[in-house]
Every structure is written in C-alpha cells, then in structure tokens.
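Following: one structure in structure tokens, then a few remarks.
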Amino acid sequence: MINKEGWLTKAEKHVSPNFDQRPINTDIKLIVIHNISLPPENFEFENVKKFFKNELDFDSHEFFHEIRGLKVSSHFVIDRTGKIYQFVSVYDRAWHAGVSCFNNQENCNDFSLGVELIGSDNTLFEDNQYDSLNMLIETLCNSFPKIKKENIVGHSEIASGRKTDPGPFFDWSKIR
Ligand SMILES: [Zn+2]
C-alpha cells in the first residue's frame, strides 16, 4: 500500500534530499529498473544509502572519486535479501534516469519511478529481489494505472549508449 504522502507502507524509509517536484499534471507512467553497487560489486546497502542521502565519504574508497559530488536518488532500493527501502515519495521526482528518452518523451525522471536493485551487470540477482520487485510493481501499477506492462523498462533502454543497467543478468522473464 502507498500512503497519502506517497510512501510504501512496507518499505523502510530513508529520506533523500535529492528530489524536486514533477511538472504540473504529469501522469506517472513508467517504471525504470536499475542496478547499483558501491563500490562496484560490493552488495551492501550502506554505501548506497549514504550516497542517496549525500552522506557518502567520497575519500573512503578510490572508486568514489568518480562519483564525487553527484546528487542522485531513486524512489526505491531493493537489497540482496529483498528488503525494500524508499528514499523519495512517489509523487516527487527522484533523480535516477538522467538524460533519457522513452517513446520520444525526454527527461524520464518527470514521469517515472526508479527502482534500484543492489547488484551489478556481472552477477545474478536473488530470487528474494524478484519477489519484492514483483510485489512492488503490482502495488505501483494499482496506484498508477497508466503504467502498462510495456512501460516497465531497464535504464539501458531509455539511456542507450550511456547506461547498461540492469544488465544481462537481470531476468525479465521473472517479472510478471
Ligand atoms: Zn541506472
């Protein structure tokens, strides 16, 4: 269930400052699936949480120099156990898609919801992650009827040439 303020009651809430308002009268019609691990191939949630809250110490790992100062977020994160976290209200615009285009409409952040799976382009995802993702998709589709089945896409599909996630190990057949 999504409450009046746009938060999934089942998710653990961590408020990110990295969001703003969607354009007026925008229908939410797209779900964008990503993967993330910080540093790459480290599947702990902690650094992702810090990154989305602008609390990551960019000097604590060599890789973090590449993302220093970036301000991003996603509505949802699903960790390796299937636990769901939410950082931005579904009614607000999270900063996950970047330069992007879906069906000739640019700036997908305006009309989409972002879901990050902890993982990488090189590793299978866990069954618990698919279970939670399916539950989440069902809840979101019930709340936003403009999200059709074909409007559930990978980041790589809306930012091709720039992004590769959720990657070849994401099994689309496991999404109902
Ligand atoms: Zn992505």
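The values are calculated or read from the model by the stated rules, or taken from the named source; none is laboratory data. What you see is a predicted model, and the numbers here were worked out from it, not measured in a lab. Here the Cβ is made from the backbone with ideal geometry for all residues, glycine too, and neighbour counts use every protein chain on show. We work out accessible area using only protein heavy atoms, side chains counted, and drop any ligands, DNA or RNA first. Shrake-Rupley method; radii C 1.70, N 1.55, O 1.52, S 1.80 Å.
Please verify whether Ile147 is more than 15 Å from the ligand (Cβ to nearest atom) and surrounded by 19 or more Cβ atoms within 10 Å (Cβ to Cβ), treating the condition exactly as stated. Spell out how you get there, then give the answer.
Numbers: more than 15 Å from the ligand (Cβ to nearest atom): yes; surrounded by 19 or more Cβ atoms within 10 Å (Cβ to Cβ): yes.
Here the answer is yes, as Ile147 does meet what is asked.
So how many residues does segment 44-60 have that are assigned to a loop (DSSP other than H, G, I, E, B) and within 16 Å of the ligand (Cβ to nearest atom)?
Going through segment 44-60 one residue at a time, the tally reaches 0.
Going by the conditions given, is Arg80 surrounded by fewer than 19 Cβ atoms within 10 Å (Cβ to Cβ), touching a strand residue (DSSP E or B) at 6+ places or on another chain (Cβ under 7 Å) and of a type outside the set (Val, Ile, Thr)? Show your work before the answer.
Working: surrounded by fewer than 19 Cβ atoms within 10 Å (Cβ to Cβ): yes; touching a strand residue (DSSP E or B) at 6+ places or on another chain (Cβ under 7 Å): yes; of a type outside the set (Val, Ile, Thr): yes.
Yes: the conditions hold for Arg80.
Going by the conditions given, is Ile175 in contact (Cβ under 8 Å) with a residue 24 or more places away in the chain and away from the ligand (no atom under 14 Å from the Cβ)? Steps first, answer last, please.
Values: in contact (Cβ under 8 Å) with a residue 24 or more places away in the chain: yes; away from the ligand (no atom under 14 Å from the Cβ): yes.
In short, yes.
Could you identify the single residue in Glu62, Glu66, Glu44 that is touching a Leu at 6+ places or on another chain (Cβ under 9 Å) and more than 25 Å from Ile152 (Cα to Cα)?
Glu44
So, in segment 1-54, exactly how many residues are in contact with a Phe, Trp or Tyr (Cβ under 8 Å, 6 or more places away or on another chain), open to solvent by 30 Å² or more (accessible area, probe 1.4 Å) and of a type in the set (A, V, I, L, M, F, W, C)?
2
Look at segment 86-106 and say how many of its residues are within 16 Å of the ligand (Cβ to nearest atom) and under 13 Å from the mean Cα position of the chain (by Cα).
Qualifying residue count for the region: 8.
Return yes or no: is Phe64 in a helix (DSSP H, G or I) and surrounded by 15 or more Cβ atoms within 10 Å (Cβ to Cβ)?
yes
Criterion first (within 16 Å of the ligand (Cβ to nearest atom), of a type in the set (Val, Ile, Thr) and surrounded by 15 or more Cβ atoms within 10 Å (Cβ to Cβ)) does Ile158 satisfy it?
Values: within 16 Å of the ligand (Cβ to nearest atom): yes; of a type in the set (Val, Ile, Thr): yes; surrounded by 15 or more Cβ atoms within 10 Å (Cβ to Cβ): yes.
In short, yes.
Exactly one of (1) exposed (fewer than 14 other Cβ atoms within 10 Å of the Cβ); (2) within 16 Å of the ligand (Cβ to nearest atom); (3) more than 22 Å from Lys49 (Cα to Cα) is unmet by Lys71. Its number?
(3)
Matching residues to (1) open to solvent by 30 Å² or more (accessible area, probe 1.4 Å); (2) more than 16 Å from the ligand (Cβ to nearest atom); (3) more than 26 Å from Asn42 (Cβ to Cβ); (4) not polar (S, T, N, Q):
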| position | (1), (2), (3), (4) |
| --- | --- |
| Cys108 | no, no, yes, yes |
| Gly114 | no, no, no, yes |
| Leu124 | yes, yes, no, yes |
| Tyr130 | no, yes, no, yes |
| Arg162 | yes, no, no, yes |
| Phe170 | no, no, no, yes |
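Considering (1) open to solvent by 40 Å² or more (accessible area, probe 1.4 Å); (2) of a type outside the set (Gly, Ala, Ser); (3) over 21 Å from Lys149 (Cα atoms), say which one Asn103 fails and leave the rest.
(3)
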